[in-house]
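Below is one structure, written out as C-alpha cells; the observations come after it.
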Amino acid sequence: MRVLGASIGRRGFGYVVGLTIIVTLIGAAGIYAFERELPDGTITDYGTALWWTAMVMTTIGSDYFPKTAEGRVLCFFLALYAFAVSGYVTATLATFFVG
C-alpha cells in the first residue's frame with residue numbers, strides 16, 4: 001500500500017482529485033443557473049444540481065436531461081472531463097501494476 005501511495009503521489013493524483021471537486025461544484029452551479037428557470041425543469045435547487053452533476057461525472061447518468069442548449073453543452077463537457085479522468089485513473093493504476 002505504501003508503494004501504491006508513493007506511485008499515486010508522484011503522478012499528481014491529488015491535483016486531479018482537487019480539480020475534479022472544483023469542476024463538480026462549478027458544473028453544478030452552471031447547470032443550476034441554466035436549468036432553474038424552466039417551468040417544467042426538475043433542477044430547482046443547488047443540491048439537486050450537485051446530485052445531477054455527480055451522476056454525470058461518475059458516468060452513472062441521470063433521469064434528467066438538460067433542456068437548454070447551454071445545459072447540454074455543459075453536460076457534454078462534464079462527461080468529456082469525467083471520461084478523461086477515468087482514463088487517467090485507469091492508466092495510473094495500470095502503470096503501478098505493470099511497474
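The values are calculated or read from the model by the stated rules, or taken from the named source; none is laboratory data. Everything numeric here is computed off the predicted structure, so don't read it as measured data. With ideal geometry, Cβ positions are generated from the backbone for all residues, glycine too; neighbour counts draw on all protein chains shown.
Summary table below
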| quantity | calculated |
| --- | --- |
| Members of the range 43-59 that are under 11 Å from the mean Cα position of the chain (by Cα) and either without any contact (Cβ under 8 Å) to a residue 24 or more places away in the chain or not in a helix (DSSP H, G or I) (or both) | 51, 55, 58, 59 |
| Inter-residue pairs, beta-carbon under 8 Å, first modelled with pLDDT under 80 and in the range 75-99, second of a type outside the set (A, V, I, L, M) and not in a helix (DSSP H, G or I), 6+ apart | 92/11; 95/11 |
| Subset tally (residues that are at pLDDT 90 or above, within 15 Å of the chain's Cα centre (by Cα) and surrounded by fewer than 15 Cβ atoms within 10 Å (Cβ to Cβ)) for the range 60-74 | 2 |
| Failed condition for residue 41, given (1) more than 23 Å from residue 83 (Cα to Cα); (2) in contact with an Asp or Glu (Cβ under 9 Å, 6 or more places away or on another chain); (3) modelled with pLDDT of 85 or more | (3) |
| Failed criterion for residue 39 (all others in (1) in contact (Cβ under 8 Å) with a residue 12 or more places away in the chain; (2) over 11 Å from the mean Cα position of the chain (by Cα); (3) part of a loop (DSSP other than H, G, I, E, B) hold) | (1) |
